[in-house]
Structure formats: C-alpha cells, structure tokens
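Beneath this line is the structure, given in structure tokens, with notes to follow.
The values are calculated or read from the model by the stated rules, or taken from the named source; none is laboratory data. Treat the numbers as computed from the prediction; the structure is a model and nothing was measured. Note that we place each Cβ from the backbone using ideal geometry, even for glycine, and neighbour counts take in every protein chain shown. Ligands, DNA and RNA are excluded from the accessible area calculation, which covers all protein heavy atoms including side chains. Shrake-Rupley method; radii C 1.70, N 1.55, O 1.52, S 1.80 Å.
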Amino acid sequence: TESEARTAALMERGRIAREIHDVLGHSLSGIALQLDMADALSQKDRVEEARAAVRRARALAVDSIAETRHAVHALREDTLPLQESLRLMAEGEEVAFEIVGEPVPVSVEIAQTALRVAQEALTNALKYAPGAARAMTLEFTADAVALTVVNGPAGSPAPRPGAEGTGMGLVGMRERAALVGGTLRAGPNIADAAPGGWTVRLEVPR
C-alpha cells in the first residue's frame with residue numbers, strides 16, 4: 001500500500017542518513033590522522049613518508065566525497081523518478097547515461113534497489129579499474145526494468161591502495177535484487193562491449 005511504501009522510504013532515508021554520518025566520521029578521522037602523521041614526519045625530514053601520508057589523506061577525501069554524493073542522491077529518490085535520480089548520479093560521477101524505452105513509474109523498493117546497485121557498481125569500477133570509462137543504461141520494456149553498468153579496462157596500472165575487497169558488495173547487490181523479485185548478473189564484459197572491463201546488470205519485473 002501507499003502507506004507501507006512511504007514507511008519503507010522513511011526507514012531507508014533514516015538508514016542513509018546514518019550511513020552519511022558514519023562515512024563522514026570515519027573519513028574525517030582518517031584524514032586527520034594521516035595529516036598529523038605527515039606533519040610529524042616532515043618535522044623529522046622524512047619527506048617521502050610525509051608525502052605518502054598526504055596522498056593517503058587525499059584518497060580518503062576523494063572516496064568519502066563520492067560515497068556522500070551517492071547517499072545524498074539516494075535521499076532524493078522518493079521525490080524524483082528513477083531515471084532522474086540516475087541522471088543526477090551520472091552527472092555527478094561524469095558517467096555516460098542512456099535511457100532505452102519509455103520511462104514508467106516504479107515502486108519505491110525498485111527505485112531504491114536500482115540506485116543501490118548503481119552506486120555499488122560505479123564505486124567498484126572506480127576502485128578496481130581506476131581511470132576506466134564507465135556507463136549506465138536504464139531500459140524499460142513491457143514487463144521489466146533493467147539497469148546495466150559497464151566499465152572498461154583500468155586506465156591505471158593497478159588499483160589504488162586499499163581497493164581490495166571481500167566480494168560482499170556483489171553478494172549484497174544480488175540479495176537486494178532478489179528481495180524485489182529481480183536478478184543480478186555480474187562478470188567480465190562479453191563480445192565487444194568494452195573488452196577487458198566489467199558489466200553489472202539488474203533486471204526487475206515491473
């Protein structure tokens with residue numbers, strides 16, 4: 001019902017607000033620690049180590065900005081159509097975005113799932129394929145809504161320090177898809193779609 005959907009949306013907004021609080025608290029503490037370390041090292045003329053600490057602080061800042069931007073977009077999802085929320089996300093991330101088919105309204109649950117998958121897929125691409133081109137496609141068919149996120153091969157020699165993951169992000173995306181009766185596939189790109197990269201595709205029945 002509409003009341004249940006609204007309650008679910010409010011609960012999700014509360015979760016996102018806590019997530020923003022945790023992300024900012026963790027990242028700012030980490031940045032402060034690295035800058036204190038850089039200051040201490042520079043006073044001991046350990047210049048290279050000090051510079052490395054500054055670079056780590058910058059990496060933390062970049063990551064937290066991206067995660068906070070994602071969360072802020074998510075807070076607006078119950079007032080914006082899914083395609084507009086994804087468009088804003090794509091603009092903020094400088095990611096190519098395309099809509100295929102005629103957009104139709106979707107439930108709050110489907111919108112939340114699609115946005116979480118988009119966030120996770122874009123973040124993973126940024127971490128594991130730094131410098132790679134990224135693109136999103138939102139497709140509306142007669143009986144389903146599909147979101148595809150593709151990235152090309154890494155533009156840098158190796159992932160940034162600390163990028164190694166546990167795979168829980170992918171598990172979480174699949175669980176979210178299943179909760180709304182959808183499916184999620186993720187794996188190396190096939191055919192000539194950005195060879196050497198990665199594709200995540202979410203399909204949810206309308």
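At-a-glance table
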| quantity | calculated |
| --- | --- |
| Residues located in segment 90-119, provided they are crowded, with 17+ Cβ neighbours inside 10 Å and touching a strand residue (DSSP E or B) at 6+ places or on another chain (Cβ under 8 Å) | ALA90, GLU93, VAL95, PHE97, VAL106, ILE110, THR113, ALA114, VAL117, ALA118 |
| One residue from SER42, SER64 being more than 25 Å from THR183 (Cβ to Cβ) and open to solvent by less than 30 Å² (accessible area, probe 1.4 Å) | SER64 |
| Some residue of segment 30-44 being in contact with a helix residue (DSSP H, G or I) (Cβ under 7 Å, 6 or more places away or on another chain), within 21 Å of ARG116 (Cα to Cα) and not in a loop (DSSP other than H, G, I, E, B) | no |
| Residues (in contact (Cβ under 8 Å) with a residue 40 or more places away in the chain and assigned to a helix (DSSP H, G or I)) located in segment 123-137 | THR123, ASN124, ALA125, LEU126, TYR128 |
| Among (1) surrounded by fewer than 14 Cβ atoms within 10 Å (Cβ to Cβ); (2) within 29 Å of ALA59 (Cβ to Cβ) - the single one ASP143 does not satisfy | (2) |
| In segment 67-91, the residues that are of a type outside the set (S, T, N, Q), at pLDDT below 85 and within 25 Å of ASP22 (Cβ to Cβ) | GLU67, ARG69, HIS70, ALA71, VAL72, HIS73, ALA74, LEU75, ARG76, GLU77, ASP78, LEU80 |
